[in-house]
Amino acid sequence: MPESKPRPAAEEKKKAKRQADVAAKRDDRARRVALPGERAWVPPLFISVGLLGVAWLVVFYIAGWQIPYMRDLGQWNILIGMGMLAAAFGISTLWK
C-alpha cells in the first residue's frame with residue numbers, strides 16, 4: 001500500500017521535535033561533566049585512611065612492643081587505629 005504524503009505542518013513539528021531532542025541530549029551531556037566542586041577526592045582519602053588504620057593495628061599487634069614510639073603509646077595504639085577506621089567511615093559519608 002502506498003504511503004500518503006505528510007502535511008508540511010506535521011513535517012515541521014517532527015523536525016522541531018528532533019532538534020529539541022538533540023539539544024536536550026547535548027545539554028544533558030554538558031551537565032554530566034565533572035564540576036570543580038565534585039568530590040573525587042573522597043574515595044582515595046577514604047581508602048587511604050582506612051588502610052592506614054588497619055596497618056596501624058596490624059603493626060601494633062605484631063611488633064608494637066619493639067617499635068619505640070608505639071611502645072610509649074601503649075594501649076592507646078588501639079584507639080589510634082580504631083579512630084582512623086572511624087574517620088574513614090566518616091569520610092565515606094561525603095561521597096556523592
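Rule-based calculations on the coordinates, nothing more; no lab input. If you're wondering where the values come from, they're calculated on a predicted model, not measured in any experiment. In this analysis, Cβ positions are derived from the backbone assuming ideal geometry, glycine residues included, and neighbour counts consider all displayed protein chains.
The table for this structure:
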{"read-out": "Count, lysine Cα pairs under 30 Å in the chain, 8 or more residues apart or across chains", "value": "10"}
{"read-out": "Phi to ³J(HN,Hα) by Karplus 6.51 cos²θ - 1.76 cosθ + 1.60 over the range 39-44, Hz, x for Gly, Pro", "value": "9, 6, 7, 5, x, x"}
{"read-out": "Overall form of the chain per C-alpha gyration tensor (a/c, 1.5; a/b vs b/c)", "value": "prolate"}
{"read-out": "The range 34-65 residues near the modelled TRP95 label - backbone nitrogen below 15 Å, point 7 Å along Cα→Cβ", "value": "39-52"}
{"read-out": "Length-normalised contact order for the range 42-92 - Cα pairs under 8 Å, 6+ apart - percent", "value": "60"}
